[in-house]
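Notes follow once the structure below has been shown.
The values are calculated or read from the model by the stated rules, or taken from the named source; none is laboratory data. Model, not experiment: these values are computed from the prediction. FYI the Cβ positions are ideal-geometry reconstructions off the backbone, even for glycines, and counts take in every protein chain you see.
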Amino acid sequence: MWGGRFASGPAAIMAEINSSIDVDRELYRQDIAASKAHARMLARQRIISPQDARKIVHGLDKILSEIERGRFRFKPALEDIHMNIEARLTDLIGRAAGRLHTARSRNDQVATDFRLFVRDAIDALDAALALYQRTLASKAARHAATIMPGFTHLQPAQPVTFGHHLLAYVEMAARDRARFADARRRLNECPLGAAALAGTSFPIDRAMTARVLGFDRPADNSIDAVSARDFVLEALAAAAITAVHLSRFAEEIVLWTSPIVGFVRLSDKFTTGSSIMPQKRNPDAAELVRGKAGRIIGALNALMIVMKGLPLAYQKDMQEDKEGTIDALSALALGVAAMTGMVADMTPDAARMRAAAGVGHATATDLADWLVRRLNLPFRRAHHVTGRIVALAERDGLALVDLPLARMRKIEPRISADVFEVLSVERSVASRRSHGGTAPANVARAAKKWLQRLAKKPRR
Ligand code: ARG
């Protein structure tokens, strides 16, 4: 393809390090779409003949179907997807194939293909995350009043509802989707026609190719168009944050499904056994979601490092942008699907969670709040008094609710019997009606709001 001035072929190791076909073959669909748009534009602008354009488009369609039917031989010697397809086009239609590369370069070609690829991945992830959110929200609606312990420092802190906890992940996923949508908005400019870096002397119509490929507009600076990879970095940053959120949830599932904790059970569909310990039921899917976060964050890190020292415009280093990105985006898609499956599959053990919610004097804050409300103590003072009552309960080996009134009065004589009303976990949870609080009424409303919002068609 570029051998005119070369007398011999590359050394074997040169060919090996140079070849990217094993990775960028994933971009065949986008490469063919961009080439078809380019050929049609060239004909419309009378840069090539309509007959040649027709042959080119027809040949490209044939190649697409060959690839999809597994009938295409990818050749490492042809370096990359662009040259593999062009070489096959030459086999199929002969000389006319050589006209396709008029007014373009592999530099704007790969930049266009990869934008299309990342855009498709973002769209697929958005749909997958929406389904994940719907699955979470419907489970949350069912468990708006299911009580569980809420933790800080992994110590029982205050009782919350299971539905409320699940909705926290719906909120995270909403921000993850918004980050992807934001990245997509900036990504959606078309590099095609920037050519190698300087633009072209042919009278091309960049607005047309941009429109046909679903871009909002052509990229305005040809040097930037072929050099920019921040669209990948942004998508990977959004992916890395999403992976962190999934990983935190995965960690909770691992914890919850441990028989030591036993808050949640996963069915046979989402667990595996041990080859030596017959009693085991391992949450491998959750562990793998947690593990995949490493690769996804790593891909962002790797590309940051590839890009940070590169002068303008295209440098071959940039060929390293694809492997980690493709891997990371598909690992994330798998992770989202696995989490969605586990959320649908999991059954909480309500009795066990309810019992655990009372452990560790989890309603101590409710006692402190009662002292503020009823006895008008400043909160700091109420906190101190409550601390002493908790210490007393601990000494007596009793839960806070079971501590006799007389014992409490030893610390604060004005405490009355109605204090017990706020010490039950049910009352504690029901009382947290502040905006965003865990009261079952709030949670039911929030879950419903999400389900309605998620039922609406996304606008784009
Ligand atoms: N395979 C190359 C890549 O992925 C395509 C661009 C090659 N451009 C070049 N001037 N050699 O970056």
Please determine, by comparing only the residues of region 342-384 that are touching a Pro at 6+ places or on another chain (Cβ under 6 Å) and more than 30 Å from R134 (Cβ to Cβ), which one is surrounded by the most Cβ atoms within 10 Å (Cβ to Cβ). A362
Residue list for region 291-333, restricted to those being charged (D, E, K, R) and within 16 Å of the ligand (Cβ to nearest atom): K316, D317, E320, D321, K322, E323, D327
For region 17-35, pairs from a residue that is within 13 Å of I326 (Cβ to Cβ) to a residue that is within 9 Å of the ligand (Cβ to nearest atom) and among the basic types (K, R), with Cβ under 6 Å and 6 or more apart or across chains, are V23/K322; D24/K322
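Answer yes if at least one residue in region 30-41 is farther than 15 Å from L192 by Cβ and buried (at least 17 other Cβ atoms within 10 Å of the Cβ), and no otherwise.
No; the residues of region 30-41 include none that is farther than 15 Å from L192 by Cβ and buried (at least 17 other Cβ atoms within 10 Å of the Cβ).
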Of everything in region 99-125 that's β-branched (V, I, T), under 18 Å from R206 (Cβ atoms) and in a helix (DSSP H, G or I), which residue is nearest to the ligand (Cβ to nearest atom)? V110
Single match in T102, T135, T146 (criterion: touching a strand residue (DSSP E or B) at 6+ places or on another chain (Cβ under 9 Å), hydroxyl-bearing (S, T, Y) and modelled with pLDDT of 95 or more): T146
Exactly one of A33, A15 is small (G, A, S), within 23 Å of A111 (Cα to Cα) and modelled with pLDDT of 95 or more, and that residue is A33
What single numbered condition from (1) part of a helix (DSSP H, G or I); (2) within 16 Å of the ligand (Cβ to nearest atom); (3) of a type in the set (A, V, I, L, M) fails to hold for A141? (2)
Could you give me the residue pairs with C-beta distances under 8 Å whose first residue belongs to region 88-106 and is within 17 Å of K62 (Cβ to Cβ), whose second residue is within 16 Å of the ligand (Cβ to nearest atom) and assigned to a loop (DSSP other than H, G, I, E, B) wherever it lies, and which are 6+ apart or on separate chains? L89/L100
Test result for A313, small (G, A, S) and part of a helix (DSSP H, G or I): no
Quick check: is even one residue across region 435-448 touching a Ser or Thr at 6+ places or on another chain (Cβ under 8 Å) and more than 23 Å from A355 (Cβ to Cβ)? yes
Can you say whether L255 is surrounded by fewer than 17 Cβ atoms within 10 Å (Cβ to Cβ), more than 13 Å from the chain's Cα centre (by Cα), modelled with pLDDT of 95 or more and over 21 Å from H101 (Cα atoms), as far as the supplied structure shows? yes
Any residue that is part of a helix (DSSP H, G or I), without any contact (Cβ under 8 Å) to a residue 40 or more places away in the chain, more than 16 Å from the ligand (Cβ to nearest atom) and within 30 Å of P348 (Cα to Cα) - is there at least one of those in region 63-75? no
Can you go through A173, A198, A210 and tell me which one is of a type in the set (G, A, S) and out of contact with any Ser or Thr (no Cβ under 9 Å at 6 or more places or on another chain)? A210
Which of the residues spanning region 261-290 are among the hydrophobic types (A, V, I, L, M, F, W, C) and surrounded by 10 or more Cβ atoms within 10 Å (Cβ to Cβ)? V261, F263, V264, L266, F270, A285, A286, L288, V289
Working only within region 85-98, note down all residues that are away from the ligand (no atom under 16 Å from the Cβ) and either buried (at least 19 other Cβ atoms within 10 Å of the Cβ) or charged (D, E, K, R) (or both). R88, L89, D91, I93, R95, A96, A97
Can you say whether R40 is of a type in the set (K, R), part of a loop (DSSP other than H, G, I, E, B), away from the ligand (no atom under 16 Å from the Cβ) and more than 30 Å from L332 (Cα to Cα), as far as the supplied structure shows? no
Among the candidates G214, G199, G193, residue that is surrounded by 24 or more Cβ atoms within 10 Å (Cβ to Cβ) and either within 15 Å of the ligand (Cβ to nearest atom) or assigned to a loop (DSSP other than H, G, I, E, B) (or both): G193
